[in-house]
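Contents: one structure, followed by commentary.
What follows draws every value from the coordinates through simple rules; no lab data is involved. Since we're looking at a predicted model, the values are computed, not measured. Note: ideal-geometry Cβ built from the backbone for every residue, glycine included; neighbour counts use all protein chains shown.
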Amino acid sequence: MNKLSRTAAGMLGLVLATVLLSGCPFLPEEENGDYDLGYEEGFASDPKYWEGYEDSYYTDPPDGPILYSGSEIPYIEEETYDAGYYDGLWYAYNDGYFVSYDFGFTIGFSEGYDIAYNDFWYDFLMSDAHPEYLDGSFMDGYMDGFSEGSVFGAYDYTEGLTFDWEDAMWDYRSGTDLYIDEVGFGTGEYGVVELYEYGVDPNDYYAKALSATRRTPAGKIRVPRKSDEGKSLVSRRTPAAKTLTTEKQGGAVDDAILYRPLTTAVRSELNQIPAYSPRSSEYALLLEDTWLERIERYMAERQ
């Protein structure tokens, strides 16, 4: 942690803000063979994908520069092979950028859940502060995930549910929201959790989105997955009906993102078990598995 379609590219600042997390290009209405071939080759670029991942991973908010800039989106008017190629590169880069955020979210969720699943949950939630970075970085994802995970951890603890951050996260991703009366807030307290948008310059987005609209969850719905007599898990998760109409993390939209096999360097970066979260130097983390192991299980369950 010490640590985007030609249309989106061409519009730059006039991005399609309503299109979230699409892993497919907005191809011209009339198919262009050269464009398609170019796109496929550009999108297959692993180095561009991992460049996006690293630009997210190594962005160091709040004081460090945002390493990805939408002003660098290439724009080529012709529907030629070259135009498709550069658009493919752009999508490869942005898939990597998203994946880094998503990994951060998953790790943050696990650690927020871990800390709040404790008898001091009330004191922790009341004293915890959510840093809102809005830059799509790994750390941005971590902080978003931590805030939501901590609510689930506290809720599961008070309800006497078994410690299971993975089940809680899949429950959250399927649309479940929680509200804890004792603290007066729940998931979504710090604004709608939206993963970054294709073509959006995080520098511009950060400046505009500081006044994120808060939302009020519609109530508590938490259905933990069941176990058989041998206590082995028999289902990945029990999807809950959505309690909000806001598009949330997870579901069919982000399934289009391509999660490429982890490189040796990325595996090495994730192969750690921090003793403390960057959100808290007071409460030690008790999770015994590495970030890498958590991410590998997350990707396996996405299959």
- Query: Restricting segment 99-116 to residues that are under 16 Å from residue 284 (Cβ atoms) and among the small types (Gly, Ala, Ser), which is surrounded by the most Cβ atoms within 10 Å (Cβ to Cβ)?
  - Reply: 112
- Message: Show me the helices (runs of 4 or more DSSP H) entirely contained within segment 121-195 in which 3 or more residues are crowded, with 24+ Cβ neighbours inside 10 Å.
- Response: 138-158, 165-173
- Message: Every residue in segment 125-151 that is of a type in the set (A, V, I, L, M, F, W, C) and in contact with a Gly (Cβ under 8 Å, 6 or more places away or on another chain), please.
- Response: 138, 139, 143, 146, 151
- If only one of 81, 75, 49, 91 is more than 30 Å from residue 278 (Cβ to Cβ) and within 19 Å of the chain's Cα centre (by Cα), which one is it? 91
